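Every read-out reported here was derived from the displayed coordinates using simple, explicitly stated rules and does not represent laboratory data. Treat the numbers as computed from the prediction; the structure is a model and nothing was measured. Every residue, glycine among them, receives a Cβ derived from its backbone with ideal geometry; neighbour counts consider all protein chains shown.
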Amino acid sequence: MLQVIALAQYSLAYSRSWATNSPNERVRLSAKTDQLRQEVALLREEIRIKDLRMATIPAARRPHYRPIERLAILELRATRGWSLEQTARVFQVTAATIASWGKRLDDHGPHALLQSPGPVNRFPDYVRAAVQRLQALCPRLGKVKIAQILARAGLHLAVSSVGRMRRELPIRPIPPQCLPTTPVLRRVTANRPNHVWHVDLTVVPTAAGFWVPWPPWALPQCWPFGWWVSVVIDHYSRKALGSIVFKQQPTSLQVRQFLGQLIAKLGTSPKYLVTDSGPQFTSANFRPWCRRHGIRHRRGAVGQTGSIAVCERFVLTLKQGCTRVLFVVPLMPGLFQRELDWFVIWYNQDRPHMTLEGKTPDEIYFHRRPASRAPRFESRVAWPRRSACAAPQTLIKGQPGVRLQISIRFVGGRRHLPQVTLSRAA
C-alpha cells in the first residue's frame with residue numbers, strides 16, 4: 001500500500017509539473033487548485049491523527065491551554081464563525097469552558113485567564129528605569145555612550161532603544177536591587193601602541209572665562225586666571241598617556257622634560273611625534289632632542305584642525321567632561337592635577353570610544369578582551385537564545401529573563417566619572 005501511495009504521488013507531481021508549465025492559464029490555475037486541495041486534505045488527516053491521540057487521554061489529565069493560546073482560540077472562533085459546540089469539539093474542551101473564557105475577556109494583569117502575546121523583544125520596565133537613572137546621574141552621556149557603557153557591563157541595548165527609553169516618561173524607580181571622531185587623512189598611520197604619539201597644549205580658565213567688561217577686554221592667560229595643560233595621546237589606542245599642569249605657557253624645555261619623564265615612566269619612546277606648530281615645538285632644540293630619542297617629529301598643517309584631530313578631540317572631551325562640569329576649577333596645582341588624573345583614569349579604563357567600536361583605550365593598549373564581548377545578560381523572558389542582539393553580538397549568560405541590579409560608582413567621588421556594573425538581583 002505504501003508503494004502504491006508513493007507511486008501515485010510521483011505520478012501527480014509529474015502531471016502537475018506539466019500543467020504548471022502549460023501556456024494555458026486555466027490549466028495552470030487548475031493545477032494549483034488541485035495542489036492546494038490535496039494540501040488541505042493532508043493537513044486535515046494530520047489533525048485527525050493528533051486528535052485521536054489526545055482523545056485517548058482522560059479529559060481531567062489533558063494539559064491546559066495557556067492564556068495566550070486561549071485568546072488565540074477565541075480569535076479563531078470569531079474568524080471562522082463557529083458556535084460553542086464546534087469550537088469545543090475542534091479543541092477537545094467543553095462548551096462551558098469556551099463560554100467561561102468569553103466572559104473573562106476584560107481581565108487584566110499577569111494572572112489574567114486570557115492574555116495577548118507580548119513582543120519577545122520588549123525589555124522589562126526596570127531596564128528603562130536603569131537607562132533613565134543613568135541619564136539623570138550623567139546628563140552629558142549620549143545614547144550611543146550609554147549603550148556602549150551598558151554593553152561593557154553585560155546588558156546589550158540598541159542605540160535606538162536607548163534613545164526611545166530616554167524620551168519616555170520616567171517610571172517609579174525600582175527598589176535597590178560623544179561625538180564621533182571624524183576620520184582624518186594622515187600621512188603617518190599607527191600600527192601598534194606607542195607607534196605614534198600626539199602632543200597638544202590647551203588653556204583651562206579658572207573662572208567663567210577670560211573676558212572682562214573693561215579694557216583690554218581679556219585677562220592674561222596664566223595663573224590665577226587659567227591653567228596651561230599639556231596632554232599626550234597614543235594614536236593607536238587613543239589612550240591618554242599623561243598630562244601635566246603649568247601656571248603659564250610652558251617653554252620648549254618644560255615640554256621636553258615632561259616628555260622625557262613620560263618616556264622613562266613607560267620604558268619606550270614613540271616612532272613618530274605629531275604636534276602643532278606652537279613655539280614649544282618649533283624651537284631649535286626640539287628637533288635635535290627628538291633625534292636623540294629616536295623620534296621622528298611631524299607637525300600638522302597650519303590652519304587645518306584635522307592634522308592633530310585625535311589630540312584635539314581628547315582636549316574637547318577633557319573640557320566638556322571634566323573642567324567645565326567642575327563647580328570650581330581649583331587654584332592649587334596639586335588639586336587641579338588630581339582632577340585631571342581622575343579623568344584620565346576614567347577615560348582610559350571605563351569610557352567606551354566610538355572609534356574603537358565601544359572598546360576602551362586600555363583594552364586596546366594592553367590587548368585585553370573587550371568587556372562588551374563577554375557573555376551578556378538577557379532580561380527578556382521569551383527572547384530566543386540564538387537570535388541576534390544589539391551589537392556587539394555575544395552569547396547569553398545563564399537563562400533569559402534574569403532580573404538585574406545596576407550599580408553606579410564614581411571615580412574619586414566625581415559624578416561626571418561614572419563606573420557602571422550589573423549583577424543578578426537577589
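For region 317-353, the set of trypsin sites (Lys or Arg not before Pro) satisfying both a DSSP loop assignment and a count of at most 12 other C-beta atoms within 10 Å is empty.
Let me know the shape class of region 57-117, please: from the alpha-carbon gyration tensor, a ≥ b ≥ c as square roots of the eigenvalues, rounded when a/c is under 1.5, otherwise prolate if a/b is greater than b/c, or oblate.
Note, shape of region 57-117 comes out oblate.
Each residue of region 109-161 gets 97 Å³ once the volume of the Cα convex hull is shared out per residue. Each of (1) 35; (2) 47; (3) 31 is a candidate for percent of Cα pairs over 40 Å apart; the one calculated from this structure is (2).
Cβ under 13 Å from residue 284's Cβ, residue 284 left aside: what net charge do those residues give with Lys, Arg +1 and Asp, Glu -1? Local charge sum for residue 284: +3.
Annotation: the residues 28, 53, 368, 77, sorted from fewest to most other C-beta atoms within 10 Å of their own C-beta, follow the order 53, 368, 28, 77.
Here region 1-53 is treated as a sphere whose radius is the Kirkwood value from Cα pairs; by Stokes-Einstein at 20 °C and 1.002 mPa s it diffuses with a coefficient of 171 µm²/s. In this rough spin-label picture, where each label sits 7 Å from Cα along the Cβ direction, the residue 27-residue 125 distance is 6.5 nm.
Can you give the local net charge around residue 233? Use residues other than it whose beta-carbon is closer than 10 angstrom to its beta-carbon, Lys and Arg +1, Asp and Glu -1.
0
Sorting 345-352, 293-300 by average packing, meaning the other beta carbons within 10 Å per residue, from highest down gives 345-352, 293-300.
Counting other Cβ atoms within 10 Å as a rough exposure proxy, the listed residues 241, 262, 42 run 42, 262, 241 from fewest neighbours to most.
Scoring 15-24, 392-401 by mean Cβ neighbours within 10 Å over their residues and listing the highest first yields 392-401, 15-24.
For region 358-426, chymotrypsin sites (Phe, Trp or Tyr not before Pro) are listed when DSSP marks them as loop and at most 16 other Cβ atoms sit within 10 Å of their Cβ; the list is 366. Placing +1 on each Lys and Arg Cβ and -1 on each Asp and Glu Cβ, with no other charges, gives region 355-396 a dipole about its Cα centre of roughly 220 debye.
Anything over 28 Å Cα to Cα? Flag those among 319/397; 247/319; 143/265; 145/271; 319/359, in the order listed.
From 319/397; 247/319; 143/265; 145/271; 319/359, over 28 Å: 319/397; 143/265; 145/271.
Rounded to the nearest 5, the antiparallel percentage of DSSP beta bridges internal to the chain is 70%. Based only on the alpha carbon positions, what is the Kirkwood hydrodynamic radius of region 196-349, in angstrom? Every distinct Cα pair counted, the radius reaches 16.3 Å. Rg and Dmax of region 246-287, both derived from C-alpha coordinates alone, stand at 10.9, 30 Å. Look at 245, 212, 127 and count the other Cβ atoms within 10 Å of each Cβ; fewest to most, that gives 212, 245, 127. Looking at region 196-349, the DSSP beta bridges with both ends there are about 70 percent antiparallel.
Classify region 293-426 as rounded, prolate or oblate, taking a ≥ b ≥ c as the square roots of the eigenvalues of its Cα gyration tensor: rounded when a/c is under 1.5, otherwise prolate if a/b is larger than b/c and oblate if not.
Oblate shape, in that a/c is at least 1.5 and b/c is the bigger or equal ratio.
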